[in-house]
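Reading through the structure tokens given below for one structure.
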Amino acid sequence: MSAPPGTGSGDPDRPDAGPLRVPYTPWRRWLRRLRRRSALARAAAAGADPGDRVYLTYGVVLLVLVYGPMLWVALAQTGLPLGRPGEDAVLAGRWSSSAFDGLVVVGLCVGGLLSLLAVSVARAGGPLWTSPPEVTFALSGQFAPVTVLWRRLVVLAAGTGVVAAFGASALAAGALGLVGGADAVPADGAGTADVVGWALAAACAVQVPLMLGVAAQGPRRRTAARQAAGVLLGLGVLAPALEILAPQVRAAVVPACLDTAGSAVACPLATGPGVGVLTVAGTAALVSVWLAVRVLPAEIDLDATAAAQRTTVATSQALVAGEAGGLADLLGPRRLGGRGRTLWPPLLRRAPVVARDLLGVRRRVWTVLGAVVAGAGGTFLVLVATPSPGVRGSAFGVVLGAAILYAASASWAAGLRDMASQPRPGGLLPGGVGRVVAAHLVVPAALAALAVGVGLALAALAHQAGLPDGGTAAALVAVCTGVVVLAVRCWVCGATTVPAELFTPVSVPGGGDASTLIVLAWFVRGWLMVVGLAWTLHRTAEAGSGVLGGVAVVVLLTAAWFVRSAVRRLART
């Protein structure tokens, strides 16, 4: 394969010598042809079908066409509690006064979470990816980073915009009552144009978290990107206050409109984002995309990004092979603050394990505090989504709140994970493994109780502001969810390697092997258990307090079995 035209031989004494640098586009096309020929040669040598990629593309498109509408309908059903157009305009069901308020609050919460996720993904080599060979042969002075990376940034912006528009359109359609069957009551004046407006606003607004993630990949703007992500996360945390204050604000300004006769009447509620929201979101999108495409690529730490991407690939390969212990390495080494802090001598003499875990919390105080805030938000979501008299609730809300609480518990159980990763867990301390596990659960239990307590307090404040209260049933569901989260976290920490028997081929009635699906289920077994038990609690809450009490006892016994299973597994290590 000859080199692209214009490169010459590199020898200035030869007559065909040319410039050593060529435009990036011809070089990129030449490299693509070279890679394609090499891939076809490898496929032919291995006896594979060169058209396998076509079948893979066909399968992906088929999955999107089959499950995409189902996911859209599920999201639309989730958006139903955001607006109750047929009820009182001052207090709209469980949420605030209109679907507009609910969609704005959800947008702020999701935007804060996406900003935090984008900044965190920067430590794993994303969202803008590269590879060590590309850094060596294309980005080490051969071509400008903007020239090489702008295409994938455009793809990232377009992809995130499409996903955001998909989710926002479904939530808006459900909140405005345009879908949802018999439970949906269309809002006055709501139509397809409002749904399109919310989709455009979401597609534009999601470019801001993407830009912050790209900015966090460079050392110069990393601190500013984290601070901006913290501000957006704070707005998301405070966003539910809008749901609490909106009824009082609207009650103070309604009526403020005049009819044709000059009499004061109630103003129509906003259903679409409006020109102002679209203008702000569009301006933010233009600035973010311009920064991400034209400015930030030149400031990215390419070596660190390539190294993180290589670690991500190696960890993914280890996951496929069955090793889950290195999953935490995706986000890089753990950063500890307050290294001058020491163990408390009184607590060290009486409870050394608790003193050790408490020292770890004090050295990562901001991470733990953020996890407590996230756990409180998840608990609040469980409380407001639990069915109560007159309100159907939302199964997706309960499941999402439990998943958020489970994700937050990851930073509380660091001591338990470290103990489980030892060659002989608990072997350096007196007493059995059960005693050590119980000691490691003290600090996570205290933090979980704090998060659940803050969530209950927020729900009580929301009830004082006029929102419906789930009562004892909602509180019981929240407490059971917190206990289940801790028990499942303990159960998962006890094993980091897939059992060898799970790789045994398992035939299915339709033909094929289900062992791959079983191995994937093992990796997400904690999430599956939390989601399943949270959904069970939601369904039994609809049946009544008597059934809920019995199921709660069964759930608590299941949590005790999780802890006992973890202790027995660690004792056999």
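The values are calculated or read from the model by the stated rules, or taken from the named source; none is laboratory data. Source: prediction; values computed, not measured. With ideal geometry, Cβ positions are generated from the backbone for all residues, glycine too; neighbour counts draw on all protein chains shown. Note: areas computed on protein heavy atoms with side chains; ligands, DNA, RNA excluded. Shrake-Rupley method; radii C 1.70, N 1.55, O 1.52, S 1.80 Å.
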Requested in this report: Give the Kirkwood hydrodynamic radius (Å, one decimal) of segment 394-458, defined as one over the mean of 1/r across all pairs of different Cα atoms.
Outcome: 13.5 Å
**Report entry** Amide hydrogen neighbours beyond the local backbone of Ser388, cut-off 5 Å, H modeled
**Finding:** Gly393
Report task. With a 1.4 Å probe and every protein chain left in place, work out the accessible area per residue of segment 98-153 in Å², rounded to a whole number. Result -> 39 Å²
Query raised in the report: So, by mean Cβ neighbours within 10 angstrom, what's the order for 487-493, 151-157 with the highest one leading?
Result: 487-493, 151-157
Query - Sequence ranges 55-61, 30-36, 455-461, ranked by mean other-Cβ count within 10 angstrom, highest first - result: 455-461, 30-36, 55-61
